[in-house]
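Q: Dropping the structure in here first, questions after.
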Amino acid sequence: MAKIGVFVCQCGNNISRTVDTADVAKDASEQSGVVFVEDYKFMCSAPGQEAFKKAIRDHDLDGCIVSACSPKMHEATFRNAAEAAGLNPFKVEIANIREQCSWVHNDKEIGTAKSKDLTHMMIQRVKYNRPLERYRMSMTKRALILGGGIAGIQAALDLANAGTPVTIVEKEPSLGGNMARLSETFPTLDCSQCILTPKMVEVQNHPLITIRAFAELEKLDGYIGNFKATIRQKAKSVIDKDCTGCGDCWEKCPFTVESEFDMNLIKRKVIYIPFPQAVPTVPVIDRANCPKFIKDKCGICADVCGPDCIDFTQEDEILEEEFGAVIVATGFELMPNVYKEYGGSSMPQHLIPKKMNKKQRAAQPRSTSGRLPDVINGLEFERLASASGPTGGEIRRPSDGKKPKTVVFIACVGSRDANKGVEYCSKICCMYTAKHTMLYNHSVHDGKAYVFYMDIRAGGKGYEEFINRAQDEGAEYIRGRVSALRKKGDKILVKGADTLQGCAVDIEADMVVLATAMVPQADAIDFAKTLGISYDKHGFYSEQHPKLMPVDSSTGGIYLAGACQGVKDVPETVAQASAAASKVMQLFSKEELMREPEVAIVDKDHCMNCWDCVTVCPYLAISPEEVKDRDGNVVKMVANVNPGLCQGCGLCNTVCRSKSIELQGYTDQQVYAQITAFEGAFV
Amino acid sequence: MIEQIREKARELLESGELDVVIGYAEGSDPSRTTPIFCRKPEDTDKLVLDGRCVNTLPAYLNKRHEYPKKGWKKTGIIGKGCDIRAITQLVAENQLKRDEVYIFGAECEGVVAHPEKWDGSLHEGNCASKCSSCDVKIPLDTDFYPGEKPEVDRSGPYLVTAPALATLVKMDDEDRFAFWRDDFDRCFKCYACREVCPHCSCNICITDRTMPSWVDQAAHTKGVFGWHLTRAMHLVGRCTGCGECTRACPVNIQVDLFNQKMKEVIQESFDYKSGYSMEVKPPLITYNTDDTENYIR
Ligand SMILES: Cc1cc2nc3c(=O)[nH]c(=O)nc-3n(C[C@H](O)[C@H](O)[C@H](O)COP(=O)(O)OP(=O)(O)OC[C@H]3O[C@@H](n4cnc5c(N)ncnc54)[C@H](O)[C@@H]3O)c2cc1C
Ligand code: SF4
Ligand code: SF4
Ligand code: SF4
Ligand code: SF4
Ligand code: SF4
């Protein structure tokens, strides 16, 4: 005979307002198998938990129901308390009479009756709960960081300083990401490179950090604590360990192409480092543009290299490494200018919603005449304003190098435009546009900056003040949209509206800067699939819980940092990166990994090896296993679940027709008992 | 046609390449044929193939039956187009390996709806309705085919053929429920519909599971509805439309109406026809990250 205890919580008056808890407790005491009931004001309080433990000990309970709030809130609390009192934690169940009952009903009679039902159901269920043991697993205490922008850099330093070995995989030849492109940063106007490069150097010199620049993650197998990463180290054509970074090769290289780092505003060599302060300082050869690879001509770099480290025959290297945790910090890019009226061209493929049919796709804006000269985006402006940029920090327009006397900044290009752009607010554009007007005014003293804006969004420490300062320094803010940009001589005619004055505004500008939306990397969704994490409709990676678990991805052991998770400025990126690092430290602080036992198990007698569960499992947790007889002959094949990978989603349970696989802790018998205990059930 | 098959079957049994050939032989009365397992070369003389050969023999290849366990390495089987569709589906569902069977196929002119309707020949009045829209009269995948096998376009959608279904879908819920309640009243849960089905391949059927007993064992309204709705759902995207369940029912319940309806739904929702590919998995058991539903990603 079962010995079940039922604990009904009043939750102050959260529950007792619409549920007669004393009546629920009394009713429960009349159920078969129930030997103890309690009706208490706050079960989760210290005295509440003590009473819970005491009852388990005094009455030798073998199952407990806590009729209280959602199991999301306190299931763990009571399971831990039960364990302390000597009862297997998985013999404790929560009947949710708050979120699913008292909070959604006004009528006390109904609330009370429903609470009784919910409690009955759990009483019947707990009779079939089996004691379960958590799985213990070993783990590899090394972290993998994907992306070497400020997010990746910060996370790597925090982890390494706490004693954890870290590997950073960065697809470009250097660390730094977009922050390395910035000139000065809001809200303090300190020079971006000056605060970033010391960190890059620290990373380079840290004994616990391995940098894999010019590398990409190809595959990620395994699970929390035990990931196996397949990394492709792209051929740099330069032998890393011998290179001193002297620069003779790129000095002497006679061929140039447009520099991606400098937003194509200037040329770089074909053997190159993206920018002078690059880390590592090892150059790479851009094989697609190098004549040695195209027609076997040149080879000057190899001739001039002192340590003889140019290797034209180098091949991509595939590395397999083990890690216990992964931090994704792959950042963002700027949405291309898709607005014909702003001289933009076609919609980039990855921004076209998947659901569009062929006809809708075809109707997307096509490439027109190409872009208008001197209509640039924010990052291009950053390069023009940067002391290490193509103009040495003097703001000159790209077409003819003249100093622009009138510059128009247009905010919200792409952002907050559900039709052609993205529905969300990119949030940093108001701030960097204000910054740009200041940088411009500091550089061109007799220049005039205009800003067309929809609203000013400056919610941050010192942010509103920063906007005020921009206006004080001479920027003219015009509330309204720009309907078109036209070429007029060597100027651009900006046709705008001032909605506060209620009039049209035409401005002849020398240069126009579009604050285009911040969007995920073009390959963000494919990359999410490689990692097995979830993403939102834009391709930003989804956090486990928007408020309480903002750096955990949907998959255990994979954490998120920086702009890959959503639009962010540098302070927020850094905060999130440190948070992600601290999550990894938490994980690694334990000797072994404990996994909840609520995973699928297979009834090997009846499994008919159809592999339906294998195909359907989103976490690739199931694989075929051989069943052998005593002599080692394979008798049959059955499904086998890896408890390290299984997330307990239950999909396999639903596809297995013969019910040969079920979830521990959610067995058919438990669920069936629960359903049939409900008086209204059709049984 | 059958002579060539007999000859080939004899040859393969003699050479030992096949351990058995499953086919049809004359039955207990002239209107019927019966399944035959030819183990000896001379058994093949008994093989027949015509409009009376209704049984879906691949049901025997189903692991649930004892035959595949007899240690036969390679089984020969004579199949109509729709039978071979069942074999294809069994392979797709990992219930059979393609190289474990040797398929003898022949052009099919259709089969009789029920042996009781056989009057010496096959004609519009007694032909099974499934044969009216059949695109596998020239079978899909064979190891032996007498003569040249012409190319056939099988890209068309699945079409429902049962006349009763057209009437049923037009009824309102209450009438339709009444229809099934009356029909199901006769069902006494002999499970003949399950036993003949090539795709009911579970080692243990959910209806035979106790602890818990999701489907009530008794043959009362609830038990029978429970059985039929479960069976219908379990065959979604898997039923290859042989119609055997209906033919086997001793009390004339048209159980495959459910399956035909679900075949239509699967065709419309997922553009999928079962039994045409050994690689493509039925839609209800696939998981892919491109799914438009974001329940789990
Ligand atoms: C015009 C402009 C001005 C700005 N000005 C300011 C400012 O003044 N102040 C401020 O606080 N913020 C500013 N920001 C915001 C700031 O740039 C971002 O907050 C910050 O760069 C985000 O850092 P991150 O590391 O998350 O991403 P990123 O800087 O984008 O870094 C991501 C890194 O990951 C790498 N990567 C991408 N995919 C992969 C992959 N698959 N494998 C390996 N590596 C990969 C990339 O190459 C890159 O190095 C500005 C942004 C813009 C666009
Ligand atoms: S779905 Fe069921 S029967 Fe099929 S392999 Fe998985 S556990 Fe076995
Ligand atoms: S419960 Fe979900 S994660 Fe676990 S094995 Fe089944 S399908 Fe895979
Ligand atoms: S064959 Fe007919 S009687 Fe038998 S279980 Fe099926 S429907 Fe019922
Ligand atoms: S009805 Fe379902 S569980 Fe039963 S044998 Fe058929 S497929 Fe398997
Ligand atoms: S459900 Fe009926 S029609 Fe479909 S394959 Fe099975 S026996 Fe044939």
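The values are calculated or read from the model by the stated rules, or taken from the named source; none is laboratory data. All figures in this text were calculated on a predicted structure; none of them were measured in a lab. No Cβ is skipped: glycine too gets one built from the backbone with ideal geometry, and neighbour counts run over all protein chains shown. Side chains are part of the model used for accessible areas, which takes the heavy atoms of the whole protein and leaves out ligands, DNA and RNA. Shrake-Rupley method; radii C 1.70, N 1.55, O 1.52, S 1.80 Å.
Q: Can you tell me the dipole magnitude for chain A around its Cα centre, using point charges on the Cβ only (Lys, Arg +1; Asp, Glu -1), in Debye to the nearest 20? Walk me through the numbers on the way to the answer.
A: On the way: 81 positive and 87 negative charges, 329 e Å.
The calculation lands at about 1580 debye.
Q: Can you run phi through the Karplus equation (6.51, -1.76, 1.60; θ = phi - 60°) for region A:33-47 and list ³J(HN,Hα) in whole Hz, with x for Gly and Pro?
A: Each residue's phi maps through the Karplus curve to give x, 8, 10, 8, 10, 9, 10, 9, 5, 9, 4, 7, 5, 4, x Hz.
Q: Going from most exposed to least, what order do A:LEU265, A:LEU189 have by accessible area with a 1.4 Å probe?
A: Numbers: A:LEU265 50, A:LEU189 25 Å².
Reading off the accessible areas and sorting them downward yields A:LEU265, A:LEU189.
Q: Another question, then. Taking all protein chains together and a probe of 1.4 Å, list A:ARG383, A:ARG268 from the most accessible to the least accessible. Mind dumping the intermediate values first?
A: Details: A:ARG383 0, A:ARG268 25 Å².
Final ranking, largest accessible area leading: A:ARG268, A:ARG383.
Q: Positive end of the charge dipole of the protein assembly as shown (Lys, Arg +1 and Asp, Glu -1 on Cβ, about the Cα centre): tell me which of A:HIS606, A:GLN669, A:GLY632 has its Cα farthest that way.
A: The listed residue farthest towards the positive side: A:GLN669.
Q: Shifting gears a bit: Over region B:6-121, what percent of the accessible surface lies on carbon and sulfur atoms, probe 1.4 Å? Before the final figure, lay out the partial values.
A: Details: 2180 of 4840 Å².
Carbon and sulfur: 45 percent of the exposed surface of region B:6-121.
Q: Here's another thing I want to ask about it. Just the accessible area for A:THR188, please: 1.4 Å probe, Å², rounded to the nearest 10?
A: 90 Å²
Q: Whole-Hz ³J(HN,Hα) for each residue in region B:99-108, computed from phi via Karplus 6.51 cos²θ - 1.76 cosθ + 1.60 with θ = phi - 60°, x for glycine and proline: what do you get?
A: 7, 7, 10, 10, 9, 9, x, 8, 5, 10
Q: Would you mind calculating the relative contact order of chain B from Cα pairs under 8 angstrom and at least 6 residues apart, reporting the percent as a whole number? Please list the in-between numbers first.
A: Values: 459 pairs, mean separation 52.3, N = 297.
Worked out over chain B, it gives 18 percent.
Q: Using unit Cβ charges (K, R positive; D, E negative) and no other charged atoms, how large, in debye to the nearest 20, is the dipole of region A:336-519 about its Cα centre?
A: In debye, rounded to 20, region A:336-519 gives about 1060.
Q: So in the protein assembly as shown, what percent of DSSP beta bridges are antiparallel if you round to the nearest 5? Mind dumping the intermediate values first?
A: Numbers: 65 of 123 bridges.
Antiparallel bridges: around 55 percent, rounded to the nearest 5.
Q: Can you flag which of A:LYS435/A:LYS568; A:LYS234/A:LYS269; B:LYS70/B:LYS149; B:LYS8/B:LYS46; A:LYS461/A:LYS568; A:LYS228/A:LYS529 are past 21 Å Cα-Cα? Kindly include the intermediate steps, with their values, before the conclusion.
A: Working: A:LYS435/A:LYS568 16 Å; A:LYS234/A:LYS269 19 Å; B:LYS70/B:LYS149 33 Å; B:LYS8/B:LYS46 14 Å; A:LYS461/A:LYS568 14 Å; A:LYS228/A:LYS529 16 Å.
The answer is B:LYS70/B:LYS149.
Q: Report the accessible area of B:MET262, computed with a 1.4 Å probe over the heavy atoms of all protein chains in place, in Å² rounded to the nearest 10.
A: B:MET262 exposes around 50 Å² with every protein chain in place.
Q: Around B:TYR24, which amide H atoms from residues at least 5 apart in sequence, or from another chain, sit under 5 Å from its own amide H, with H modelled in the peptide plane?
A: B:ILE36, B:VAL48
Q: Let me ask another. Run through region B:1-76 and list the trypsin sites (Lys or Arg not before Pro) located in a DSSP loop whose Cβ has at most 15 other Cβ atoms within 10 Å. Display every interim value, and only then the final one.
A: Values: sites: B:ARG6, B:LYS8, B:ARG10, B:ARG32, B:ARG39, B:LYS46, B:ARG52, B:LYS63, B:ARG64, B:LYS69, B:LYS70, B:LYS73, B:LYS74; in loops: B:ARG32, B:ARG39, B:ARG52, B:LYS63, B:ARG64, B:LYS73, B:LYS74.
When the trypsin sites (Lys or Arg not before Pro) of region B:1-76 are filtered for loop state and at most 15 Cβ neighbours within 10 Å, B:ARG39, B:LYS73, B:LYS74 remain.
Q: Next question. Tell me which of B:CYS197, B:THR221, B:ASN259 sits at the most positive position along the dipole axis of region B:163-285, charges placed on C-beta atoms (Lys, Arg +1; Asp, Glu -1).
A: The residue sitting most towards the positive pole is B:CYS197.
Q: So what is the relative contact order for region A:336-519, in percent, with contacts set as C-alpha pairs under 8 Å and at least six apart?
A: Values: 353 pairs, mean separation 44.0, N = 184.
It rounds to 24 percent for region A:336-519.
Q: Which residue, B:ASP45, B:ASP135, B:ASP182, has the most motion in a Gaussian network model of chain B that connects Cα atoms within less than 10 Å?
A: Highest fluctuation of the listed residues: B:ASP182.
Q: Using a 1.4 Å probe, how large is the accessible area of A:ILE428, given in Å² and rounded to the nearest 10?
A: Ignoring ligands and nucleic acids, A:ILE428 comes out at about 20 Å².
Q: Separate question: Placing unit charges on C-beta atoms (Lys and Arg positive, Asp and Glu negative, everything else neutral), compute the dipole magnitude of chain B about its Cα centre in debye, rounded to 20. Walk me through the numbers on the way to the answer.
A: Values: 39 positive and 47 negative charges, 181 e Å.
For chain B, the charge dipole is close to 860 debye.
Q: If you don't mind, another one. Between the DSSP loop rule and a limit of at most 14 other Cβ atoms within 10 Å, which chymotrypsin sites (Phe, Trp or Tyr not before Pro) in region A:619-683 are left? Don't skip to the end; give the middle numbers.
A: On the way: sites: A:TYR619, A:TYR666, A:TYR672, A:PHE678, A:PHE682; in loops: A:TYR619, A:PHE678, A:PHE682.
Listed in order of number, the matching sites are A:PHE678, A:PHE682.
Q: Another question, if that's okay. How big is the shadow of the Cα convex hull of the protein assembly as shown, averaged over all directions, in nm²? The partial results should precede the final answer.
A: On the way: hull surface 213.4 nm².
Projected over every direction and averaged, the Cα hull of the protein assembly as shown covers 53.3 nm².
Q: Hey, rough spin-label estimate for B:HIS114 and A:ASP472, points 7 angstrom out along Cα→Cβ, what's it come to in nanometres?
A: Reported label-point gap for B:HIS114 and A:ASP472 is 9.5 nm.
Q: Turning to a different aspect of this structure: Determine the alpha carbon to alpha carbon distance for each of A:LYS537/B:LYS170; A:LYS488/A:LYS537; A:LYS427/A:LYS583; A:LYS171/A:LYS340; B:LYS222/B:LYS263; A:LYS402/A:LYS487 and list only those over 28 Å. Write out the running numbers ahead of the final one.
A: Details: A:LYS537/B:LYS170 40 Å; A:LYS488/A:LYS537 40 Å; A:LYS427/A:LYS583 26 Å; A:LYS171/A:LYS340 32 Å; B:LYS222/B:LYS263 25 Å; A:LYS402/A:LYS487 16 Å.
Going by Cα-Cα distance, A:LYS537/B:LYS170; A:LYS488/A:LYS537; A:LYS171/A:LYS340 fall outside the 28 Å limit.
Q: With every protein chain present, what is the per residue accessible area of region B:163-285 (1.4 Å probe, Å²)?
A: On the way: 5690 Å² over 123 residues.
Per residue, region B:163-285 has 46 Å² of solvent-accessible surface.
Q: Right, another one. Could you tell me the calculated FRET efficiency between A:ALA387 and A:ALA522, based on Cβ-Cβ distance and R0 = 35 angstrom, to the nearest 0.05? Walk me through the numbers on the way to the answer.
A: Details: r = 30 Å, r/R0 = 0.85.
E(calc), rounded to 0.05, equals 0.75.
Q: Residue-wise, which Karplus ³J(HN,Hα) couplings in Hz belong to region B:190-200, taking 6.51 cos²θ - 1.76 cosθ + 1.60, θ = phi - 60°, and x for glycine or proline?
A: 7, 6, 4, 4, 6, 5, 7, 6, x, 9, 7
Q: Also, I was wondering about something else. Mind checking the mean number of beta-carbon atoms from other chains within 10 Å of the Cβ atoms in B:202-215? Could the numbers behind the result be given before it?
A: Details: counts 9, 9, 9, 3, 6, 0, 1, 6, 0, 5, 11, 2, 5, 0.
Per-residue shielding by partner chains comes out at 5.
Q: Now a separate question. When chain B is treated as a GNM, springs tying every alpha-carbon pair under 10 Å, which of B:LEU229, B:LEU61, B:LEU47 comes out with the largest mean-square fluctuation?
A: With Cα springs under 10 Å in chain B, the top fluctuation among B:LEU229, B:LEU61, B:LEU47 is at B:LEU229.
Q: Under the definition of partner shielding as Cβ atoms of other protein chains within 10 Å of a residue Cβ, what is the mean value for peptide A:613-620?
A: Numbers: counts 1, 2, 7, 6, 1, 7, 2, 1.
Taking the mean over all residues of the peptide, I get 3.
Q: Okay, helix-only estimate at 222 nm for the protein assembly as shown: each DSSP H run of n ≥ 4 adds -39500 (n - 2.57), divide by all residues, round to 500 deg cm²/dmol; what do you get?
A: Values: 26 runs with 265 residues, N = 980.
Calculated at 222 nm, the ellipticity per residue is -8000 deg cm²/dmol.
Q: Given a 1.4 Å probe and heavy atoms of the protein chains only, how would you sort A:GLU30, A:GLU321, A:GLU109, largest accessible area at the top? List each step's numbers first, then the result.
A: Numbers: A:GLU30 125, A:GLU321 35, A:GLU109 150 Å².
Listed by decreasing accessible area, they come as A:GLU109, A:GLU30, A:GLU321.
Q: Check A:GLU508: other-chain or 5+ apart residues with amide H under 5 Å from its amide H, H built from backbone geometry?
A: Here A:VAL494 satisfy the definition.
Q: Once Lys and Arg get +1 and Asp and Glu get -1 on their Cβ, which of A:LEU651, A:VAL407, A:THR21 lies farthest toward the positive end of the dipole of the protein assembly as shown?
A: A:VAL407
Q: Over chain A, calculate the relative contact order: mean separation of alpha carbon pairs under 8 Å at least 6 apart, over the residue count, as a percent.
A: Values: 1453 pairs, mean separation 86.9, N = 683.
Over chain A, the number comes to 13 percent.
Q: A:GLU333's amide H: which non-local residues (gap 5+, or another chain) put their own amide H closer than 5 Å, with H modeled 1.01 Å from N in plane and none for Pro or chain starts?
A: Close amide H contacts, sequence-distant or interchain: A:VAL519, A:GLN521.
Q: Take peptide B:4-16, look around each residue's Cβ out to 10 angstrom, count Cβ atoms belonging to other protein chains, and average those counts.
A: Values: counts 0, 0, 0, 0, 0, 0, 0, 0, 0, 0, 0, 0, 0.
Shielding by partners across B:4-16 averages 0.
Q: Hey, another quick one. Once both labels are modelled 7 Å past Cα along the beta-carbon direction, what's the A:HIS545-A:THR654 spacing in nm?
A: Taking the simple label geometry, A:HIS545 and A:THR654 are separated by 2.4 nm.
Q: Mind telling me which of B:GLU93, B:GLU279, B:GLU109 comes out most flexible in a GNM of chain B, alpha-carbon contacts under 10 Å?
A: The residue that fluctuates most here is B:GLU279.
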